[in-house]
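Heads up: the structure comes next, in structure tokens.
The values are calculated or read from the model by the stated rules, or taken from the named source; none is laboratory data. Quick caveat, the model's predicted, so the values are computed rather than measured. FYI the Cβ positions are ideal-geometry reconstructions off the backbone, even for glycines, and counts take in every protein chain you see. SASA here: full protein model, heavy atoms, side chains in, ligands and nucleic acids out. Shrake-Rupley method; radii C 1.70, N 1.55, O 1.52, S 1.80 Å.
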Amino acid sequence: MLRKRFFMTVSLCLLLFLGGVVPATAQHGMGHKGADEKGPAILLVTFGTSIPSAQAAFANIEEKVRAAFPDVPVKWAYTSYVIREKLAKSGQHLDSPEVALAKLMDEGCTQVAVQSLHMIPGAEFHELKVNAGAFKGMVDGFERLLVGYPALSTSEDLTKAADAVMTIIPKERKKDEAVVLMGHGAHHPSNAVYEAMMYRLQRRDPNVYMGTVEGTPSLDDVKGMLLSKGVKKAWLMPFMSVAGDHAVNDLAGEEPDSWKSVLTEAGIACEPVIRGLAEYDAFVDIWLDHLKVVMAHLK
Ligand code: CO
């Protein structure tokens, strides 16, 4: 009770204090050179990758985003500290979302569309929402800042993604051969999206399977399903925006615990296809659709 009253008093003082500085803020805001004439900026946020060949996926996203919004500046941010450090050693400097937003704010940008390039609305997306949101309450900060959803956020997204998968399966694959997709997986509740994806996929093609590296369904789950169906051959494809380390090593690597090795050992011939989802336009369109929704709210 006492505690509650204390917070109420503090909040009231804070309100009065903020109320007091508003006119000064507005005045200072007017001095912001040309800030009002500036249109919105787009900040694309991904986990990142240090594998050069995987960059093709990001290049494709950027090309599509620039084509959709020709006059809007496009910036990138990587959430992974490890990857940013790795790239910095080779002279490539990538910002975290927080640094990228601070720079945009510094440049007088008043409206930002932050587009998550994550697959699921998991921990990284929610952290991004919290930290990006913190930039909204700042003096002389952004007037508008909106965060676009990751690829697999709505039921409509799952439909689009399942349809898109059907179009990217290699033509050489025969119907009795399985297609095994490797999602990242998470401990976050939104990991359930992968289970939902398997359902959507199997309604279109019963021989397409979804597994994850760190969540469920696991490789063991998928292996069990393949064996119970007597599958003899499987096409392995990453279900991630880029074909990075997980695709190259965990999916198709020569180590005994890679998916390729484990399934081969179980008597299933494996054919890996190392391409990130963002290299396919049908998938880029899903992120782009979310960005379009956000941009429609900015001027
Ligand atoms: Co990972």
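So the values come out like this:
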{"item": "In the range 132-153, the residues that are free of Cβ contacts under 8 Å to residues at least 40 places away in the same chain and open to solvent by 50 Å² or more (accessible area, probe 1.4 Å)", "result": "Ala134, Lys136, Gly137, Met138, Glu143"}
{"item": "Candidate set from the range 69-112 (those that are open to solvent by less than 40 Å² (accessible area, probe 1.4 Å) and of a type in the set (Gly, Ala, Ser)); member that is farthest from Met240 (Cα to Cα)", "result": "Gly108"}
{"item": "Leading residue by the ranking (least open to solvent (accessible area, probe 1.4 Å)) among those in the range 41-63 that are away from the ligand (no atom under 16 Å from the Cβ) and touching an Asp or Glu at 6+ places or on another chain (Cβ under 8 Å)", "result": "Leu44"}
{"item": "Evaluation of Asp163 against (1) touching a strand residue (DSSP E or B) at 6+ places or on another chain (Cβ under 9 Å); (2) open to solvent by 20 Å² or more (accessible area, probe 1.4 Å) (one fails), failing number", "result": "(1)"}
{"item": "Top-ranked residue in the range 290-299 [being open to solvent by 30 Å² or more (accessible area, probe 1.4 Å) and touching a residue at least 40 places away in the same chain (Cβ under 8 Å); ranked as farthest from the chain's Cα centre (by Cα)]", "result": "Lys299"}
{"item": "Options Leu152, Leu117, Leu158: the member that is of a type in the set (A, V, I, L, M) and either touching a strand residue (DSSP E or B) at 6+ places or on another chain (Cβ under 8 Å) or farther than 30 Å from Lys260 by Cα (or both)", "result": "Leu117"}
{"item": "Identity of the residue in the range 168-213, within 16 Å of the ligand (Cβ to nearest atom) and small (Gly, Ala, Ser), that ends up surrounded by the fewest Cβ atoms within 10 Å (Cβ to Cβ)", "result": "Ser190"}
{"item": "Conditions (1) buried (at least 16 other Cβ atoms within 10 Å of the Cβ); (2) away from the ligand (no atom under 16 Å from the Cβ): number failed by Ala252", "result": "(2)"}
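Let's see how each residue does on (1) under 17 Å from the mean Cα position of the chain (by Cα); (2) closer than 25 Å to Ala77 by Cα:
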| site | (1), (2) |
| --- | --- |
| Gly122 | yes, yes |
| Asp140 | no, yes |
| His188 | yes, yes |
| Arg200 | no, no |
